[in-house]
Amino acid sequence: MKKIFLAAAIAVFGFTQAQEGFKLGAHIGAPTTGNSPFTLGLDAAYRWNLAKGFDLGVATGYSHYIGKSYDYPGGGVKSDDFGFIPVAVSGKYSFSAAPIAVGLDLGYGISTNDNVNGGFYAVPKFMYNIPAGELYVGYQSISGDNRRYYDDRPVVGKESVGAVIVGFNFNLK
């Protein structure tokens, strides 16, 4: 897993040296599923302008879900933290008459925890463009098969991790 994370980091930092449409930012969110009270992460993307108002590129980063604590009479349990490194295609459509845009990242979320499998990654976004970057609200979803969360018993079947996220990406030119 360390090799995957290192390869993703090298790819992200390689973009900063050679590209103009690079965006780097962070997000925080409230999970809607799973065993986490909140999530936070880093975003990195490079998009090429293919047509007026339409950009297409690649995105990666890291999303970390903090484990939730459960209190029971006589004790308590804390679920493990877990994270994902997305490898995705990133699209954005900007409306010409307003500083707003819509976007979609689609790809695969690589799990950084042995107890959680990776899965299909999707993030639809609504964005507000400013000269320094883009402020966005979106829904991050990672879905897959045979997930295990915080113990040695696998939870078999389709599971998904989702969060409503708010973030800001800086334009690095």
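Summary of computed values
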{"quantity": "Using a Förster distance of 25 Å, the FRET efficiency for Y139-N115 (Cβ separation, nearest 0.05)", "calculated": "0.60"}
{"quantity": "Largest-first ellipsoid semi-axes for the stretch 31-132, taking √(5λ) over the Cα gyration tensor eigenvalues, angstrom", "calculated": "34, 15, 9"}
{"quantity": "Neighbour-limited loop hits for trypsin sites (Lys or Arg not before Pro), the stretch 49-103 (at most 12 other Cβ within 10 Å; DSSP other than H, G, I, E, B)", "calculated": "K52"}
{"quantity": "In the stretch 36-131, the chymotrypsin sites (Phe, Trp or Tyr not before Pro) that fall in loop regions by DSSP, at most 16 other Cβ within 10 Å", "calculated": "F38, F95"}
{"quantity": "Rough spin-label spacing in nm, given labels placed 7 Å along Cα→Cβ, for V102 and K52", "calculated": "2.0"}
{"quantity": "Distance histogram for the stretch 15-86 (every C-alpha pair counted, 10 angstrom bins, percent rounded to whole numbers)", "calculated": "18, 33, 24, 16, 6, 3, 0"}
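Bear in mind these aren't lab numbers, they're just calculated from the coordinates by the rules spelled out. This one's a predicted model, so the numbers in the text were calculated from it and none came from an experiment. With ideal geometry, Cβ positions are generated from the backbone for all residues, glycine too; neighbour counts draw on all protein chains shown.
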